[in-house]
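The values are calculated or read from the model by the stated rules, or taken from the named source; none is laboratory data. Computed from a prediction, not measured in an experiment: that's the story for all the values here. All Cβ positions, glycine included, derive from the backbone under ideal geometry; neighbour counts span all protein chains shown.
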Amino acid sequence: MNLRMMELIAPPDTAKEARKILEDENIVGIWTDDYEDDCAVLRILLDFDLTESITDTLSDKFEDVDGFRILIFDVEATVPQPDPEEAEGAEQDEAQGPGRVSREELYADVTDGSELTPVYLAMVVLSTLVAGVGLIMDDVATIIGAMVIAPLLAPNVSQALASTLGDLELGWRSLKANAAGLFASLSVAFLMGLIFTVDPGSEQLITRTMVNLKHIIIALAAGSAGVLAFTRGVPATIVGVMVAVALLPPLVAVGLLLGAGYMQLAIGAGILTFTNLICINLAGIATFLVQGVRPREWMEEKKAKKAYRIAIGIWLSLLILFGFIIWYWGQFDVQSMLPSG
């Protein structure tokens with residue numbers, strides 16, 4: 001079982017009432033501590049799948065109570081293990097849960113990655129340097145190493161979450177982090193193209209100047225997998241590599257080719273980069289919606305519905321536009337753009 005420990009901090013009367021409410025829930029265990037006359041702590045051990053529904057129930061009932069607060073902790077292990085009856089009850093109740101981590105946990109995890117920090121920019125620069133060297137050397141292993149470093153997953157997932165929840169503040173922060181990361185990577189790659197000799201005919205570069213259906217499938221799968229990594233509460237590092245596959249190498253290829261003076265090839269790599277960016281965000285929003293990620297309040301849900309419809313409309317329109325661009329670009333022979341000799 002994937003367990004969570006929820007702590008409700010509130011006045012004693014509120015804690016007692018909350019305990020009565022939770023008696024009918026299929027939770028693993030519940031304990032109450034009275035620390036002071038005006039403060040009690042209710043500890044609830046439960047399956048992660050029930051965290052959101054119970055949080056919503058308690059928040060709807062007690063959010064106006066002075067001193068009310070809920071804390072949620074990941075449980076690494078519990079001794080003794082839940083007995084078979086408890087586990088069976090939790091499994092039966094999974095149909096009532098969303099099949100993912102709670103909205104609050106998801107929001108906390110995602111927003112951490114949406115911050116524009118010096119460490120984030122440093123990781124982008126380092127991954128760009130490694131990817132640039134890999135592309136220049138035509139070395140697949142080095143390019144894969146750069147994608148392990150690249151911190152491009154979180155800003156795109158947080159952008160998709162902001163569109164799903166209609167959170168303009170999160171959306172703006174995510175957009176700034178994403179744009180800054182992309183610009184920093186492009187700038188470093190451009191300088192590398194000026195300094196080093198770039199062979200535009202190398203396999204790793206030339207394959208990133210063309211766009212086809214396979215690239216779109218990869219980008220859609222990357223966006224969906226990135227969101228699932230967060231909503232299921234699993235480590236996102238490996239999935240981050242998948243997102244980096246769709247973004248980092250083609251973006252670095254744009255900078256290298258621009259710096260080396262191969263404008264037409266750089267345009268092809270740029271088309272691939274923006275097409276992948278569109279697909280990642282579109283798939284991210286769709287996956288959040290399928291997973292049932294919604295705001296808790298009715299008014300917020302109404303605003304969110306409008307926001308994600310607008311976002312999906314914009315991304316789909318851009319994808320259609322780039323589809324025509326891809327078709328037009330496909331009329332050219334990439335090999336003819338390579339320097340003779």
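Here are the numbers for this structure:
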quantity	calculated
Residues of segment 30-62 classified as of a type outside the set (S, T, N, Q) and part of a helix (DSSP H, G or I), total	10
Any chance ARG43 is surrounded by 14 or more Cβ atoms within 10 Å (Cβ to Cβ) and either at pLDDT below 85 or farther than 26 Å from GLU301 by Cβ (or both)	yes
Scan of segment 123-176 for residues that are assigned to a helix (DSSP H, G or I), of a type in the set (A, V, I, L, M, F, W, C) and within 12 Å of the chain's Cα centre (by Cα), ordered by number	LEU153, ALA154, VAL157, ALA160, LEU161, ALA162
Of residues in segment 133-147 being closer than 14 Å to GLY193 by Cα and of a type in the set (Val, Ile, Thr), the one surrounded by the fewest Cβ atoms within 10 Å (Cβ to Cβ)	VAL133
Residues that are among the small types (Gly, Ala, Ser) and either more than 24 Å from the chain's Cα centre (by Cα) or within 10 Å of LEU256 (Cα to Cα) (or both), drawn from segment 177-203	SER187, ALA189, GLY193, GLY201, SER202
Yes/no for PRO155 being in the same structural domain as LEU175 (by TED's automatic domain parsing), touching a residue at least 40 places away in the same chain (Cβ under 8 Å), at negative phi and surrounded by fewer than 24 Cβ atoms within 10 Å (Cβ to Cβ)	no
Among the candidates ARG173, ARG232, residue that is under 26 Å from VAL101 (Cα atoms), surrounded by fewer than 16 Cβ atoms within 10 Å (Cβ to Cβ) and charged (D, E, K, R)	ARG232
Meets criteria (assigned to a helix (DSSP H, G or I), touching a residue at least 12 places away in the same chain (Cβ under 8 Å) and crowded, with 17+ Cβ neighbours inside 10 Å) for ALA15	yes
Given (1) modelled with pLDDT under 80; (2) in contact with an Asp or Glu (Cβ under 9 Å, 6 or more places away or on another chain), number of the condition GLU85 does not satisfy	(2)
Answer residue from segment 229-256, given it is hydrophobic (A, V, I, L, M, F, W, C) and at pLDDT 85 or above and is farthest from the chain's Cα centre (by Cα) among those	LEU256
Selection from segment 114-132 of residues that are surrounded by fewer than 21 Cβ atoms within 10 Å (Cβ to Cβ) and touching a residue at least 24 places away in the same chain (Cβ under 8 Å)	GLU115, LEU116, TYR120, LEU121, MET123, VAL125, LEU129
Options GLY181, GLY226, GLY171: the member that is within 20 Å of PRO151 (Cβ to Cβ), of a type outside the set (Ser, Thr, Tyr) and in contact with a Leu (Cβ under 6 Å, 6 or more places away or on another chain)	GLY226
Residue selected from segment 188-209 under the condition crowded, with 20+ Cβ neighbours inside 10 Å and outside any helix (DSSP H, G or I), by the criterion modelled with the highest pLDDT	VAL198
